[in-house]
1. Looking for whichever is at pLDDT below 95 and within 18 Å of Asp194 (Cα to Cα) here; the options are Arg117, Arg154, Arg113. Which one fits?
2. Name the one entry in Val101, Val41, Val92, Val52 that is buried (at least 16 other Cβ atoms within 10 Å of the Cβ) and either modelled with pLDDT of 85 or more or farther than 24 Å from His356 by Cα (or both).
3. Could you grab the pairs with beta carbons closer than 9 Å, sequence gap of 6+ or different chains, first residue in the range 309-330 and assigned by TED's automatic domain parsing to the domain that holds Ile254, second one in a helix (DSSP H, G or I) and polar (S, T, N, Q)?
4. Pick from the range 286-303 the residues that are buried (at least 17 other Cβ atoms within 10 Å of the Cβ) and at pLDDT 85 or above: which of them is farthest from Met321 (Cα to Cα)?
5. How about the range 112-139: which of its residues are under 18 Å from Lys58 (Cβ atoms) and of a type in the set (S, T, N, Q)?
6. Within the bounds of the range 40-62, is there any residue that is touching a residue at least 60 places away in the same chain (Cβ under 8 Å) and touching a Cys at 6+ places or on another chain (Cβ under 8 Å)?
7. Does the range 145-165 include one or more residues that are more than 25 Å from Ser43 (Cα to Cα) and either touching a residue at least 40 places away in the same chain (Cβ under 8 Å) or in the same structural domain as Thr73 (by TED's automatic domain parsing) (or both)?
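The values are calculated or read from the model by the stated rules, or taken from the named source; none is laboratory data. If you're wondering where the values come from, they're calculated on a predicted model, not measured in any experiment. Heads up, the Cβs are rebuilt from the backbone with ideal geometry, glycines too, and the neighbour counts pull from every protein chain shown.
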Amino acid sequence: MRIKEYFLLVITDKVDGSFVRALKCFLWLISILYGFLATMVCSFYENGILKVNRLNKKVISVGNITLGGVGKTPLVEVIARELKTNGKKPVVLNRGYKDSVSSDESQTKDEARMLERVLEDVPVIVGANRFENAKKYLENNDADVFILDDGFQRWRLHRDLNIVCIDATNPWGNGFLIPRGFLRENLNALKRADMFVITKADLGHKNVNDIVVKLSYINPKADIVKTIHAPIGFTDIRNGQKKDTAFINDKKVIAFCGIGDPQSFVDILKNLGANIIKSDHFIDHHVYDKRDIVRIMDSNGYIKSNIVVTTQKDAVKIEDMLDQFDKGLMVLSLDVGLQFIEGKDKIFERINNILHS
């Protein structure tokens with residue numbers, strides 16, 4: 001077992017023992033220090049002690065309060081497409097990360113690579129210093145608005161609209177701050193938000209009312225929007241062919257993913273009628289190698305199924321390893337789109353007002 005995977009088991013309380021209990025106590029102490037420092041740094045920016053950089057274009061931030069996949073990247077895609085359709089020139093600013101097995105700083109990961117693929121007509125600029133990246137882009141290009149992907153904790157850059165995504169299936173992580181838990185900041189930080197977008201409202205429908213009550217208590221001035229992650233089809237990773245959602249019904253499937261909320265991926269497949277023979281879950285932002293493909297294929301399910309399904313985010317990371325899968329296997333990615341079930345008019349009204357202010 002890899003260190004990251006073991007660490008995840010520790011903070012999700014899935015392992016026990018005297019060493020684990022001591023480790024969790026140590027992590028909890030660090031999380032208190034982390035929370036204090038995060039609050040202080042944010043306060044320094046808010047009070048002008050540290051400089052907040054401003055672009056001469058509007059900036060919309062889409063972020064979250066917890067680690068893991070909450071659905072902010074699909075929201076970035078929807079906003080960018082809507083702006084493009086309305087004749088605007090959006091540009092996405094993505095943090096990007098260097099692969100843990102590579103020293104290539106230009107190699108982007110996960111959401112950034114996926115966005116570059118699905119938003120072919122919208123520039124996606126990847127790099128740690130998003131203020132400087134945006135300024136450099138404007139030297140030779142035009143833009144109406146920058147969309148700051150994963151921007152809620154990027155205090156150095158001024159935002160004109162702060163949108164925070166809340167995962168209905170697991171809104172507050174395990175209630176602890178990093179590194180004991182998944183919270184990036186104390187929940188009081190949600191007071192900075194202008195809008196909340198509750199994602200996966202269908203999968204987490206039992207939690208939605210409680211989430212709305214809590215958000216309204218913390219930040220009564222912020223609008224609340226509800227969305228779902230709706231499957232729109234499948235893509236054959238080998239040849240790019242599209243298949244509709246009905247294709248998977250009653251098929252025997254091997255599923256695998258490396259996302260923050262793997263259960264939601266499995267639930268979507270089951271809701272489409274797939275018969276999950278085996279499912280493998282890897283840590284979020286996992287970098288795949290040949291050993292992982294062997295692990296995925298090493299089961300009786302491999303004999304019973306000729307279909308492997310993964311997520312869009314994971315698909316971009318296994319493209320160079322497709323030859324490791326048996327030629328008789330169909331390797332698919334599940335294509336998912338974000339759909340508004342309540343409040344779509346609110347979010348785009350706010351965006352439109354900002355662009356014309």
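1. Details: Arg117 fails: within 18 Å of Asp194 (Cα to Cα); Arg113 fails: within 18 Å of Asp194 (Cα to Cα).
The conditions single out Arg154.
2. Numbers: Val101 fails: buried (at least 16 other Cβ atoms within 10 Å of the Cβ); Val41 fails: buried (at least 16 other Cβ atoms within 10 Å of the Cβ); Val52 fails: buried (at least 16 other Cβ atoms within 10 Å of the Cβ).
Sole residue among the options that is buried (at least 16 other Cβ atoms within 10 Å of the Cβ) and either modelled with pLDDT of 85 or more or farther than 24 Å from His356 by Cα (or both): Val92.
3. Lys313/Thr73; Ile318/Gln324
4. Per the criteria, the residue is Ile296.
5. Residue satisfying the conditions is Asn133 alone.
6. Yes, the range 40-62 contains at least one residue that is touching a residue at least 60 places away in the same chain (Cβ under 8 Å) and touching a Cys at 6+ places or on another chain (Cβ under 8 Å).
7. Looking for residues that are more than 25 Å from Ser43 (Cα to Cα) and either touching a residue at least 40 places away in the same chain (Cβ under 8 Å) or in the same structural domain as Thr73 (by TED's automatic domain parsing) (or both), one finds at least one in the range 145-165, hence yes.
For (1) assigned to a loop (DSSP other than H, G, I, E, B); (2) within 26 Å of Glu132 (Cα to Cα), each residue gets a yes or a no:
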{"residue": "Glu5", "(1), (2)": "no, no"}
{"residue": "Leu9", "(1), (2)": "no, no"}
{"residue": "Lys14", "(1), (2)": "yes, no"}
{"residue": "Phe26", "(1), (2)": "no, no"}
{"residue": "Ser31", "(1), (2)": "no, no"}
{"residue": "Ala38", "(1), (2)": "no, yes"}
{"residue": "Ile49", "(1), (2)": "yes, yes"}
{"residue": "Leu55", "(1), (2)": "yes, yes"}
{"residue": "Gly68", "(1), (2)": "yes, no"}
